[in-house]
1. Which count do you get for residues in the range A:169-199 that are out of contact with any Gly (no Cβ under 6 Å at 6 or more places or on another chain), in a loop (DSSP other than H, G, I, E, B), away from chain B (no Cβ under 14 Å) and buried (at least 16 other Cβ atoms within 10 Å of the Cβ)?
2. Which ones in the range A:538-569 are of a type in the set (A, V, I, L, M, F, W, C) and either at pLDDT below 95 or over 30 Å from A:T644 (Cα atoms) (or both)?
3. How many residues, within the range B:65-84, are within 13 Å of chain A (Cβ to nearest Cβ) and surrounded by fewer than 24 Cβ atoms within 10 Å (Cβ to Cβ)?
4. Could you tell me whether the range A:721-737 includes any residue that is of a type outside the set (A, V, I, L, M, F, W, C), outside any helix (DSSP H, G or I), surrounded by 23 or more Cβ atoms within 10 Å (Cβ to Cβ) and touching a helix residue (DSSP H, G or I) at 6+ places or on another chain (Cβ under 6 Å)?
5. Tell me whether the range A:183-203 contains one or more residues that are over 19 Å from A:P258 (Cβ atoms) and without any contact (Cβ under 8 Å) to a residue 24 or more places away in the chain.
6. Are there any pairs, at least 6 apart or on different chains, whose C-beta atoms fall under 7 Å, with the first in the range A:688-707 and within 12 Å of chain B (Cβ to nearest Cβ) and in a helix (DSSP H, G or I) and the second buried (at least 21 other Cβ atoms within 10 Å of the Cβ) and among the aromatic types (F, W, Y), and if so, which?
7. From the set of residues in the range A:374-388 that are farther than 17 Å from A:V775 by Cβ and of a type outside the set (A, V, I, L, M, F, W, C), which is surrounded by the fewest Cβ atoms within 10 Å (Cβ to Cβ)?
8. Filter the helices (runs of 4 or more DSSP H) completely within the range A:215-294 down to those with at least 1 residues that are among the acidic types (D, E) and not assigned by TED's automatic domain parsing to the domain that holds A:G751.
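The values are calculated or read from the model by the stated rules, or taken from the named source; none is laboratory data. Values in this document were obtained by computation on a predicted structure and should not be read as measured data. Here the Cβ positions follow ideal geometry from the backbone for every residue, glycine too, while neighbour counts run over all protein chains shown.
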Amino acid sequence: MTTRSMGEPVKRVEDPRLVTGKGRYVDDIGDARTLHAAFVRSPHARALIRDIDPFEAYEVEGVVGVFTWDDLEGALAEPLPVLIPHPDLTHARTGYPLAKDRVNHVGEPVAMVVATDRYVAEDAAGLVRVDYDVLEPVVGIEKSAAATLLVHDDVPGNVAAVSTQSYGDAAAAVAAAPHRLTFEWDIERSACMPMEGKGVHAKWDSDEERLTLWTSTQTSTGVRGAVSAKLGLELTQVDVITPDVGGGFGVKIVHPWPEELMVPWAAIRLNRPVKWTEDRREHFVSSAHERAQLLTVGVGFDDDGKVLGLEVDILHDHGAYIPYGLIVPINSSTQLLGPYHPGAYRVTFTSLYTNTVIVTPYRGAGRPQGVYAMERTMDRIAQYLGKDRMAVREANFIQPDEFPVDFGLMFQDGRPLRYDSGNYPEMAEKLKSLIDWDDFEQTRASAAAEGRKLGIGVGFYVEGTGPGPYEGGHVQVLTSGKVKVSTGLTSQGQGHQTAFAQVVADELGVPFEDVVVTTGDTRRFGYSVGTFASRGAVMSGNAVALAARKVRERALAVASDALEVDVEDLELVDGKVRVKGDPSSEIPLGTVAVLSNPLRYAFDEASKAATQFAGTTDFSKPPVEPGGKPGLDDSDYYSPAYSTFAAGAHAAIVETDPETAEIKILKYAVVHDCGKIINPRIVEGQIHGGVAQGVAGALYEIMAYDEAGQLTNASFMDFLMPYASEVPHGIEIDHLETPSTLNPLGVKGAGEAGVIPTSAVIASAIEDAERMPIVRMPISPSELFDLRRRPREVEPLVNTMPGGAVATWIDPRSVADATSQNPTTTDVPANSRAKKESE
Amino acid sequence: MSEQTAEVRLRVNGIPYLREIPVRRTLCDVLRMDLELTGTHVGCEHGVCGACTILLDGEPVRSCLLLGVTVDGHDITTVEGLTEDDGRLSPVQQAFVDCHGLQCGFCTPGFLTTISSFIEENPEPTEEEAREAVSGNLCRCTGYQNIVASVLRAAEIARERSSETTEEVSTR
């Protein structure tokens, strides 16, 4: 038997190349003929452009061209596309490839310089004189919501969209509930921050009239479509190749970036290859950020903590433009529900313009914020009732026999929010044992005896993965027996070449080593959507599996003719078609490939067998039967009716220093369910990376905008991306495999899992250690220090509840200790911020 | 104004080079542009991320913080030069493959050079020392868990290989 590859921790085929310096990233491509672009970017957050004077820049030796919006024509001079329109997106505004007459954030491209060398291009960019009329900017959610200043004159209230979804009568359910609470949760900005920024390299072949574009993207077909539309080229004139990509995490799904249009435009205009490589500061101020949201929650629940009604209002800061539509707040508002099914639910989000960098998906894509609001609400319910935080969650879990669960809401793929499968109670059991949940009070007590403060936190999430519309795959068996696979979506380090080879190896019964996978090259596979939303394994994994099944069927049919044996009596093992029970009667798959393509001309020894006088001809049939095709290759597509819903649960034990307020993660545990696992090594790697980004978002990373709209920490020196010293020293992982019911492989996505609940978990743990409400994330030691010293200065939570009454912060242990179960009799610490209402 | 240039002699991965380069060109750009050794990557251009780390006379340095002209006459090792003479992956390279120590691979060359130098100095590191050794390099993909494991495994492979060599010598 061929060793089964799926489910095994196979070592990655990508790695030998990447560890020897043979990786090929966009900036590695090019030669001495290549010209280099640099962009003049706005130093102001909001300004009118009066005049641009490129004269001095032109004078620099080596400068080939300086371009502004005035040089653009046709579709290129129009605003960039609104990639994902939505009926609620009533006021969508996007920028131009180069600013037209105003700028709306620091970093917006205003002019492009092309020169023989990047250093020269930057020299000249510094000499382009732009005369600005500087205006006061709109920075921050509060200022945008106040709407005394407008980012876009024709967008009233700075509001791009207001969107409400609901099932049941949430307001009535909350009002009628025995207990009601309301909170406000606040999440700061962060960003994907891949180690390789964006980059574009374009080559125009004027003889063939054909453009080749290498770009560091998450969607080569998307870029191809946009470039051909904007530059007035036929789709067939444009090839987009995604070489090795140094990380994406969401930011590279946005397209076309201004540079993805301007660089090929210049290459055509100048008839020379042109490249641009984003530098780190450019990435900070001109790519994309995410996360910033203010979430207000009103919840009504019963004595067990079961949520009867839930009302959520989200203010979402999407930056200066909204090219990626409403995906992030839709994710926040639908995925907030997690593994729970409240009695009634209403969510309204308002998507607001600010004069800051655009907000588009960053790993998790709105889910971390939604999950933060829901999980922290669970914590507060537990605290209010004096119950165990895990017990309150368990009281709310969707049970395994309830699937599929249709919420009556619309998910980000425009299809019903419908969970296919899951087992949340078992997940909770696994997590409790992984983190020693039940023994924690002992651990806490023994630490306390040494003067140390510990806290434990928990968070659950459900993630819709593998949204459509589709992905495809092509599988070809060569006459050498090697198997070439291609799929359109791109790779940024997820190990697709390994994972998809595992899938195809198993489907075809060939050794894993014989399968070579290409991704993200429109020359090889032209139909694709892209890599986002944890969809690689679900979409392309299943597509290549389906394509391989067709090839397998055809291989068996050809071999059946050659061996004169019924298809049912054949099997594909170790790269050979074999007669079952008769290993001596076999035919290598490479030979089957030869026979599958009837030839007139032999080009080598093997191909002679397929020629017309080789004696293999069945005269009763034409060489290629009607409806058939020559060659041992085929394509297929996977297109699901619904996303498949993965899930996970994290827990952490943190220690907070009583004096310095340093926050240390002592233990981090993850239980993860992504359905059937293709490669556990890769899945665990994805979880590790996600958790590190989650911890970064919980404790370190912010985008520090000042009132003028300047990003004051736009460098790796000031933006605190964690090193090895800052991440948990060890992440304990346990898997649960609840197969998806929607796809042939039974897989669910894993890419974003690690990051989603982390902020909620860390906040929960800090709150538990400090016995004081933690509302705002991320939290730094100095913020915690200040919270301890000046808790009264923290703004109280807004009570949106009808007839809001007494509100107090309850220490859960004092409630548990109290003989009376009436929470109003407990001591209220001085740092009260939460409000409660009891009936 | 035309670009001021100077002649530099470098020995990179054992190969001598003579190049006329602009005096303001950083060492990472000289390696990438003039010598076409694109294995060294540039992540931040201000010495924080460590992706561009190379070995200068055996010591790890950030090649984005040095001008090419300042290393005239020196010995440089880049990621391309880590592979052993017989074509085998070096212990650190092998360890990264074995332990899934990389995902996108962009920061990896800087880790590989840094760790190569570290395990030479400290052939038997503890986990804490291994973590400390890589705590000056940024990675956005791996969460560092498997990079720390790779350091320990690299030291182990290096020890295994050196004992193999010793055995070969002693059996002669």
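1. 2
2. Scanning the range A:538-569 gives A:A555, A:L556, A:A557, A:V558, A:A559, A:A562, A:L563, A:V565, A:V567.
3. Number of matching residues: 8.
4. Scanning the range A:721-737 turns up no residue that is of a type outside the set (A, V, I, L, M, F, W, C), outside any helix (DSSP H, G or I), surrounded by 23 or more Cβ atoms within 10 Å (Cβ to Cβ) and touching a helix residue (DSSP H, G or I) at 6+ places or on another chain (Cβ under 6 Å).
5. No, the range A:183-203 contains no residue that is over 19 Å from A:P258 (Cβ atoms) and without any contact (Cβ under 8 Å) to a residue 24 or more places away in the chain.
6. A:V691/A:Y668; A:A692/B:Y144
7. Filtering the range A:374-388 for residues that are farther than 17 Å from A:V775 by Cβ and of a type outside the set (A, V, I, L, M, F, W, C), the one surrounded by the fewest Cβ atoms within 10 Å (Cβ to Cβ) comes out as A:D388.
8. Hits in the range A:215-294: A:258-270, A:280-286.
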